[in-house]
Amino acid sequence: MDTLATSAGEIAQSVRVGDVSAEHIVNVYLDRIRRLDGELHALLSVDEAGARAAARMLDSLPAEQRTRLPLAGVPLVVKDNILTDRLPTSAGSKILAGFYSPFQATAVERAVAAGAVVVAKGNLDEFGMGSSTEHSAFGPTRNPWARDRVPGGSSGGPAAAIAANLAPLALGSDTGGSIRQPAAFCGIVGLKPTYGRVSRFGLIAYASSLDQIGPLARTVRDAGLLLQVISGLDARDATSSAEPVADYLAELEYPLRGLRIGVPSQYFGAGIEPEVRSVVMSVLDRLKAGGAQTVEINLPHTEYAIAAYYLIAPAEASSNLSRFDGVRYGFRAGASDLVSLYQNTRAEGFGGEVVRRVLLGTHALSAGYYDQYYVKAQKVRALIRRDFMEAFAEVDVVVTPTAPEVPFGLGSRRDDPLKMYQSDICTVTANLAGLPAVSVPAGFVEGLPVGLQFIGPAYSEALLLRAGRMVEEVVERPRWPLDEP
Amino acid sequence: MADPSYEVVVGLEVHVELKTKSKMFCGCANAFGAGPNTNTCPVCLGMPGALPVLNREAVRMAVAAALAFNCTIRQRSRFDRKQYFYPDLPKAYQISQYDAPFAEWGSVAIRSGSTRRTVRIRRIHMEEDAGKLNHLGQNLQSSAGSLVDLNRAGVPLIEIVSEPDMSSADEARAYLNELRTVLSYVDVSDLRMEEGSMRCDANVSMKPVGFVGSLEDLPRVEIKNVNSVRNVGRAIEYEIARQSRLLAAGEAITKETRGFNDASARTYSQRSKEEANDYRYFPEPDLPPLMLTGEWIASVKAGLPTLPDAWRERLTGMGIADQDIETLVHDPAQLAFLTRCLEYESDVRLVTTWMLSDMLRLLNAADLTFAESPVGPEQLAELLHLIGDGTLSGRMGKELLENMFATGKSAKTLIEQLGMAQITDDRVLREQVTSVIADHAKVVEDYRSGKAKALGFLVGQVMKRTRGQASPEVVNRLLREMLDE
C-alpha cells in the first residue's frame, strides 16, 4: 500500500482490518514531516514519541475494539490554538510559548477516542487573528504550491500540512474564514460547522460567538469523516447544540438532484479578482450541465459584514485575551509593580496585530462608544442572518468564491491591515450568521489554487458535503505539489 | 448635628454568597476554609480554552431569594462580562448581569423603633465571586508580594440593590437585619459577614429639603465592603456627620468611593468617581440567555417556607406580644422550637413566656441556639404540663428546667430521681400547717388582727418544712380554712 497516496478513510480501514499497523502509518508521516516541514514551517511542535506510543497502543488493541475506530491510526495535525495534553499549545503567541494545558479540547479528545493519532500542532496567525499565518510569533508558513506565497490564515499551518501531505487530516478553527480561506489557498477542503455543532471547549477563544472548530482534509469525504467524529453536544460548552448529528457519509456519493444554488451578486462583483470569479463560474457551469440550477439572489447587507465583523470579533477578543496577564501562566515580563506587570507582559507578549485588535475591541466596548459600535454591529449581524434566512427560502445553498483572490506573496500585505481584512470578505458572513460553510478546490489561476464556498442553512453539513462532493466530481484532481513523482 | 434643611438618603447594595455545593460555572466545591487554591479547576482558574457552564442550583437559590422579596422574575435574562484587571479575577472579567438582571422590583418591610416602612428593592442579579489576595504587607502596593487564593473565585453570589429609601443608620440596620432574616428562612446562604458570605456597600447622600430632581444628580458617597451590620450603621452615622459638617461649612461633597476603618469608626477616601473604572460590560458570549419558564418559577415559589411577614401575622393572631414576635421571627430556630412545642402544649402565651425568659437565659449563658438546646420542645412541653396539673410549682419548674438543662434528662425522670414531686395531699399538709400555727402564735395573732402579710410568712414556713415541695395553693387554702375558723 502506498500510504501517502491513500485517503484518511482508506488508512483507517487498513489499520482496522490489520493490513497495516498504525505505527507504520505514523512513521511514514513523521518521516515526511522531518523531510519537508523545515522549509514549509507548517508545524510548531511534533510529538514523535507520543505519536508512536499512541500508534503502538492502537496496534495492541484487540481486533474487535480496533474495528470500531473510524479514524484508526490516522495521523492528525491540530491547530495550535486547540488544547492537546501531550504537546504545548501556544496559539501562535509569545505570551503562551511553551504553555502546556492541563486538559485537552473536546474535539481532540473525540478524534483521539476515534483512533486518530495527534502527530503535530499547526502554525497559525497569533490567536487566530490574520489571513496569512504571517502573524505567528514563531514565523510564517509557506504555501506548498508556491513557496513565496502565504498559505492563508489563520489555519495556514494545518492547511499547508494537508496540502503537503504531512498528515491526512487536520483540525482548524474558523472565526471569520480561518479554515476556509487557507483551505482555498492550499487547494484542499475545509469546513466550518454550524455555530454550536462542534464543542469549543479547549479552543483558545478569539471571538466566542463566532469561533468554531472544523476539519481540513484533501477530500470532502475525509473532511466528513473527521466532522462526524468531533460533532455533537458537549456538557462542557453551554453553546454546543443538542441537535442530533446527521450521518455525513451515508449519502455522500449520491449527487443532489436539481440542487438550487444561490448566486449572490454581492460576492461576484467588485473586490473579487476576475480570474478567481471565472474559475468559480466555470465550476457552476459544469454543475448546471449536470442538472443543478443557479438562482441569482440578493444578500443586501453583505457590504456591512466586514465592518460588523471587525467590531464584534475584536470586542470579544479584547475580553477573551484579558486573562493573559502574566499572573498565573504563560509569559511574564519583568515589572516593578502590578500595573507595570500587566503592561509589560502584554506589550512584550502580544504581537502587533493582536494589540491592534485588542485596542480596537476595547474602544468598541468603551462607555460612550458601545451603542454606536458594538450594538450597531450586532444589529447588522441580525440583518445578515435574516438575508440568509430569506435566501434559503428559495435556494438550497449559497455559492461564493472562498477568497477574493489567489494566495498573495509573503510579506506583501504586512503593512496594510485593511487590505488584509478585505481577504475575509467572502467568509465572515457565515460566522456572523452562525451558518455552516465548506470550501472545496475549484481550480487554478496560473498554478495557484482557487476555492469555491458553499454556505448552507444551520445544521446542513451533510448537504454541504454532498454539494462539495459534486464539485470534486467536475473539477480535475490536482497533482499535489510535494507528492513523490 | 444634622442640618434640618437636608434629608439623609441611604441605599444599600448587599452581596450574598449562595451556599450551593459547587461553584457557579464549574464543578469545584463551594466551601470556606480549604487550603489555598485547592477548590479550583481550569474553569475557575481562567485557563485558556475553559468555558463556563451555569449551575442550575445557583439559579434556583437566587430565584427563591428574589421571590421571598416579592421581586418580579425576568423569564429571559442574560449574563454579561464586567471587565477589569486585578490578580484576584482570573479571567480579568467577572460574569455578572448588567442591564437584564433576573429579578427586579421587590420590597422589604422594615421596623425601626415604632415606625414601619417599606424599602424597595430595585434589582437582584447573579454573579460570580472573585478570589482573595493575601498581601505579605499592608496592601497590594506596599507589599513585597501577594498570594492569590482562587478558592472563592466562581462562588455564586446575588447582589441585592435597594432603592435609596432609607433615611438613617437605624433604618439601614433594620433593613439589613430583615434581609438577613428573610434569607435565613429561604436557607440559601450562610450569611456570615465575618467570612464574607454577606457583604455590604452603603450609598449615602444629603438631599436638600424640597429637592425635586433626580437623586442620581446628588453627590453620592459609596462606602465599600463594610463587614458587619453594626459597622454599616457606624459607617453611615459617621458619613452623615461628615457630610453635614461639610455642608454647614459651605463646602461641596465629592462623589467618591470610601472605605470604613473599624478601629477609628471613620470612613476614608479611596477613589473619586472621576477616575472610576469603565467596566466595558457586554453580553457573555459563552453562555446562552437564561430562560426561566413561568411554571418553573411557580414551582420555586411553591417551595418557599412561611416567611417572616406571614409568621408575624400568624403569631399576632395567636395573641403574642409584638415585641416577642420580633424576637421570634428574627431567629428561625426559635420559631421552629415554638412550632414544635405547640404541638404538645397549646397555651401559646405560657410557651412563649417560658421560651423567651428562662429558656433564653439558660441558652445565652451556655452560648447555644434554640436548635442546639439540650431541652427540646417536647421536653419543655412536658415540664409545662407538670406545672399545669399541679405536680410542680412554678418555682420548682424553674429549678427543674435548670437541672434538665444540665443533665439532658426529662422532667419526669428527674422528679422521680430527686423525689421532687409537689405535695398536694391535704392530709399530709394539714399536719404541717397545724404545727406551723402552733409554733407561731404571735404571727397568727397578727394575721387575725388584720395583717394580711402575716399569711405569707406562714406559707413560707410550711414550704420550708416541706423543702419547697408543698403546693402553695393547697397550703394557702388550708391556712385560711384553719385560721379563719
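Could you list all residues from segment B:97-118 that are farther than 18 Å from B:Pro164 by Cβ, in a strand (DSSP E or B) and hydroxyl-bearing (Ser, Thr, Tyr)?
Residues satisfying the conditions do not exist here.
How about segment B:119-150: which of its residues are over 20 Å from B:Gln83 (Cα atoms) and either more than 12 Å from every other protein chain (Cβ to nearest Cβ) or β-branched (Val, Ile, Thr) (or both)?
Result: B:Val119, B:Arg120, B:Ile121, B:Arg122, B:Arg123, B:Asn134, B:Leu136, B:Gly137, B:Gln138.
Is there any pair linking a residue in segment A:228-244 that is within 12 Å of chain B (Cβ to nearest Cβ) to one that is of a type in the set (Phe, Trp, Tyr), with Cβ under 7 Å and at least six apart or on different chains, and which?
So the pair list comes out as A:Asp234/A:Phe201; A:Arg236/A:Phe201; A:Asp237/A:Phe201.
Which residues, taken from segment B:1-38, are modelled with pLDDT of 95 or more, in a loop (DSSP other than H, G, I, E, B) and among the hydrophobic types (A, V, I, L, M, F, W, C)?
B:Leu18, B:Met24, B:Phe25, B:Cys26, B:Cys28
When you look at B:Thr316, is it away from chain A (no Cβ under 14 Å), free of Cβ contacts under 8 Å to residues at least 60 places away in the same chain, among the hydroxyl-bearing types (Ser, Thr, Tyr) and within 30 Å of A:His363 (Cα to Cα), yes or no?
no
Which members of segment B:69-84 meet the condition of being surrounded by 21 or more Cβ atoms within 10 Å (Cβ to Cβ), touching a helix residue (DSSP H, G or I) at 6+ places or on another chain (Cβ under 8 Å) and outside any strand (DSSP E or B)?
Within segment B:69-84, B:Phe69 is the sole residue that qualifies.
Can you find even one residue in segment B:204-212 that is β-branched (Val, Ile, Thr), at pLDDT below 90 and in the same structural domain as B:Asn231 (by TED's automatic domain parsing)?
yes
Are any residues in segment A:414-466 farther than 14 Å from A:Asp396 by Cβ, of a type in the set (A, V, I, L, M, F, W, C), in contact (Cβ under 8 Å) with a residue 40 or more places away in the chain and not in a loop (DSSP other than H, G, I, E, B), and if so, which ones?
A:Met420, A:Val428, A:Ala430, A:Leu432, A:Ala433, A:Val440, A:Ala442, A:Phe444, A:Val445, A:Leu448, A:Val450, A:Leu452 - these are the residues of segment A:414-466 that are farther than 14 Å from A:Asp396 by Cβ, of a type in the set (A, V, I, L, M, F, W, C), in contact (Cβ under 8 Å) with a residue 40 or more places away in the chain and not in a loop (DSSP other than H, G, I, E, B).
Tell me yes or no: at least one residue of segment B:37-54 is in contact with a Ser or Thr (Cβ under 6 Å, 6 or more places away or on another chain) and either more than 10 Å from every other protein chain (Cβ to nearest Cβ) or surrounded by 23 or more Cβ atoms within 10 Å (Cβ to Cβ) (or both).
no
Considering only helices (runs of 4 or more DSSP H) fully contained in segment A:4-104, which possess at least 1 residues that are aromatic (Phe, Trp, Tyr)? Lay out the reasoning, then the answer.
Working: elements: A:8-17, A:22-40, A:48-60, A:63-66.
Fully inside segment A:4-104 and qualifying: A:22-40.
Check whether at least one residue in segment B:250-261 is away from chain A (no Cβ under 14 Å) and in contact (Cβ under 8 Å) with a residue 60 or more places away in the chain, and report yes or no.
No, there is no match, as no residue in segment B:250-261 is away from chain A (no Cβ under 14 Å) and in contact (Cβ under 8 Å) with a residue 60 or more places away in the chain.
Does at least one position in segment B:161-172 carry a residue that is under 24 Å from B:Lys255 (Cα atoms), without any contact (Cβ under 8 Å) to a residue 12 or more places away in the chain, surrounded by fewer than 17 Cβ atoms within 10 Å (Cβ to Cβ) and not acidic (Asp, Glu)?
Taking every residue of segment B:161-172 in turn, none turns out to be under 24 Å from B:Lys255 (Cα atoms), without any contact (Cβ under 8 Å) to a residue 12 or more places away in the chain, surrounded by fewer than 17 Cβ atoms within 10 Å (Cβ to Cβ) and not acidic (Asp, Glu).
Does segment B:370-387 contain any residue that is within 22 Å of B:Pro308 (Cβ to Cβ), at pLDDT 90 or above and assigned to a loop (DSSP other than H, G, I, E, B)?
Checking segment B:370-387: at least one residue is within 22 Å of B:Pro308 (Cβ to Cβ), at pLDDT 90 or above and assigned to a loop (DSSP other than H, G, I, E, B).
B:Ile121: assigned by TED's automatic domain parsing to the domain that holds B:Pro288, surrounded by fewer than 23 Cβ atoms within 10 Å (Cβ to Cβ), in a strand (DSSP E or B) and of a type in the set (A, V, I, L, M), yes or no?
Spelling it out, it is not the case that B:Ile121 is assigned by TED's automatic domain parsing to the domain that holds B:Pro288, surrounded by fewer than 23 Cβ atoms within 10 Å (Cβ to Cβ), in a strand (DSSP E or B) and of a type in the set (A, V, I, L, M).
What residue, among those in segment A:152-198 that are out of contact with any Lys or Arg (no Cβ under 7 Å at 6 or more places or on another chain) and within 14 Å of chain B (Cβ to nearest Cβ), is nearest to A:Arg110 (Cα to Cα)?
A:Val198
Each row is one residue, and each column tells you yes or no for (1) on the phi < 0 side of the Ramachandran plot; (2) surrounded by fewer than 17 Cβ atoms within 10 Å (Cβ to Cβ); (3) in contact with a helix residue (DSSP H, G or I) (Cβ under 7 Å, 6 or more places away or on another chain).
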residue	(1), (2), (3)
A:Asp387	yes, no, yes
A:Val395	yes, no, no
A:Pro401	yes, no, yes
A:Phe408	yes, no, no
A:Arg413	yes, no, yes
A:Asp416	yes, yes, no
A:Leu452	yes, no, yes
A:Pro457	yes, no, no
A:Arg477	yes, yes, no
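Give me the helices (runs of 4 or more DSSP H) completely within segment A:264-381, filtered to those with at least 3 residues that are within 10 Å of another protein chain (Cβ to nearest Cβ), ordered by residue number.
By residue number, A:305-320, A:338-349, A:352-364.
Which of the numbered conditions does A:Val28 fail, given that it passes all the others? Conditions: (1) free of Cβ contacts under 8 Å to residues at least 40 places away in the same chain; (2) in contact with a His (Cβ under 9 Å, 6 or more places away or on another chain).
Just one mismatch for A:Val28, condition (2).
Yes/no per residue for (1) closer than 21 Å to B:Lys91 by Cα; (2) at pLDDT 95 or above; (3) surrounded by fewer than 22 Cβ atoms within 10 Å (Cβ to Cβ):
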site: A:Ile312; (1), (2), (3): yes, yes, no
site: A:Ala315; (1), (2), (3): yes, yes, no
site: A:Arg328; (1), (2), (3): yes, no, yes
site: A:Phe331; (1), (2), (3): yes, yes, yes
site: A:Asp337; (1), (2), (3): yes, no, yes
site: A:Val354; (1), (2), (3): yes, yes, no
site: A:Ala367; (1), (2), (3): yes, no, yes
site: A:Val380; (1), (2), (3): no, yes, yes
site: A:Leu383; (1), (2), (3): no, yes, yes
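Could you list, in sequence order, all residues of segment A:220-229 that are touching a Pro at 6+ places or on another chain (Cβ under 9 Å) and either in a loop (DSSP other than H, G, I, E, B) or over 26 Å from A:Tyr309 (Cα atoms) (or both)?
Those that are touching a Pro at 6+ places or on another chain (Cβ under 9 Å) and either in a loop (DSSP other than H, G, I, E, B) or over 26 Å from A:Tyr309 (Cα atoms) (or both): A:Asp222, A:Ala223, A:Gly224, A:Leu225, A:Leu226, A:Gln228, A:Val229.
Does segment A:203-227 hold any residues that are farther than 11 Å from A:Glu316 by Cα and either within 14 Å of another protein chain (Cβ to nearest Cβ) or small (Gly, Ala, Ser) (or both), and which are they?
Answer for segment A:203-227, where residues must be farther than 11 Å from A:Glu316 by Cα and either within 14 Å of another protein chain (Cβ to nearest Cβ) or small (Gly, Ala, Ser) (or both): A:Leu203, A:Ile204, A:Gln212, A:Ile213, A:Gly214, A:Ala217, A:Ala223, A:Gly224.
Please determine whether any residue of segment B:202-216 is closer than 30 Å to B:Met47 by Cα and either part of a helix (DSSP H, G or I) or out of contact with any Ser or Thr (no Cβ under 9 Å at 6 or more places or on another chain) (or both).
The answer is no; no qualifying residue exists.
Please go through segment B:56-81 and pick out each residue that is under 31 Å from the mean Cα position of the chain (by Cα) and within 11 Å of chain A (Cβ to nearest Cβ). Can you show your working first?
The initial filter retains those residues of segment B:56-81 that are under 31 Å from the mean Cα position of the chain (by Cα), namely B:56-75, B:77, B:79.
Once the filter is applied, which keeps residues that are under 31 Å from the mean Cα position of the chain (by Cα) and within 11 Å of chain A (Cβ to nearest Cβ), segment B:56-81 yields only B:Phe79.
Quick one: in segment A:91-127, of everything that is more than 16 Å from A:Ala167 (Cα to Cα) and in contact with a strand residue (DSSP E or B) (Cβ under 6 Å, 6 or more places away or on another chain), which residue is nearest to the other protein chains (Cβ to nearest Cβ)?
Checking each candidate, the answer is A:Ala105.
Here are some residues: B:Thr339, B:Thr306. Which one is assigned to a helix (DSSP H, G or I), within 19 Å of the chain's Cα centre (by Cα) and surrounded by fewer than 19 Cβ atoms within 10 Å (Cβ to Cβ)?
Selected residue: B:Thr339, the only one of B:Thr339, B:Thr306 that is assigned to a helix (DSSP H, G or I), within 19 Å of the chain's Cα centre (by Cα) and surrounded by fewer than 19 Cβ atoms within 10 Å (Cβ to Cβ).
The values are calculated or read from the model by the stated rules, or taken from the named source; none is laboratory data. All figures in this text were calculated on a predicted structure; none of them were measured in a lab. Note that we place each Cβ from the backbone using ideal geometry, even for glycine, and neighbour counts take in every protein chain shown.
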